[in-house]
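Visitor: Quick one: the structure is below, and I'll ask about it shortly.
The values are calculated or read from the model by the stated rules, or taken from the named source; none is laboratory data. Owing to the predicted nature of the structure, the values given are computational and were not obtained by experimental measurement. Heads up, the Cβs are rebuilt from the backbone with ideal geometry, glycines too, and the neighbour counts pull from every protein chain shown.
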Amino acid sequence: MDLYKYTIAAGRRHTVGLKSDGTVTAVGDNNYGQCDVSGWSDIVAVAAGCAHTLGLKSDGTVVAVGDNEYGQCNLSGWCGIRIQLTGN
């Protein structure tokens, strides 16, 4: 495993890793399904909340798993999201 090809994000009790091939791995507490990311692909960015996980796909859509008590995973209409890159 090449750790230098990972981007990581941490929630309250879980951690997610974005691999260089666009897939995601997750470990830790999965009581709300926040680690159920094994089917994700074409991901370019990840974020982790207290008990949920978000992934930004290369086409600008967003996927989410985990606790949705406050609607934090209701992202089905989200599209066109872009990552702002900064450089020298």
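Visitor: When both residues are 6+ apart or on different chains and their Cβ atoms are under 7 Å apart, which pairs have a first residue that lies in segment 57-72 and is on the phi > 0 side of the Ramachandran plot, and a second that is modelled with pLDDT of 90 or more and polar (S, T, N, Q)?
Guide: Sorted first by the residue in segment 57-72, then by its partner, the pairs are Gly66/Gln34; Gly66/Thr53.
Visitor: Follow-up. For Trp40, only one of the following conditions fails: (1) modelled with pLDDT of 95 or more; (2) part of a strand (DSSP E or B); (3) not small (Gly, Ala, Ser). What is its number?
Guide: Going through (1) modelled with pLDDT of 95 or more; (2) part of a strand (DSSP E or B); (3) not small (Gly, Ala, Ser) one by one, Trp40 breaks only (2).
Visitor: Every residue in segment 8-18 that is in a loop (DSSP other than H, G, I, E, B) and either among the aromatic types (Phe, Trp, Tyr) or buried (at least 16 other Cβ atoms within 10 Å of the Cβ) (or both), please.
Guide: Correct list: Gly11 only.
Residue-wise test of (1) outside any loop (DSSP other than H, G, I, E, B); (2) surrounded by 14 or more Cβ atoms within 10 Å (Cβ to Cβ).
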residue	(1), (2)
Val27	yes, no
Tyr32	no, yes
Val46	yes, yes
Leu54	yes, yes
Gly60	no, no
Ala64	yes, yes
Glu69	no, no
Gly77	no, no
Arg82	no, no
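Visitor: Exactly one condition in (1) modelled with pLDDT under 90; (2) out of contact with any Ser or Thr (no Cβ under 8 Å at 6 or more places or on another chain) is false for Thr53; which is it?
Guide: (1)
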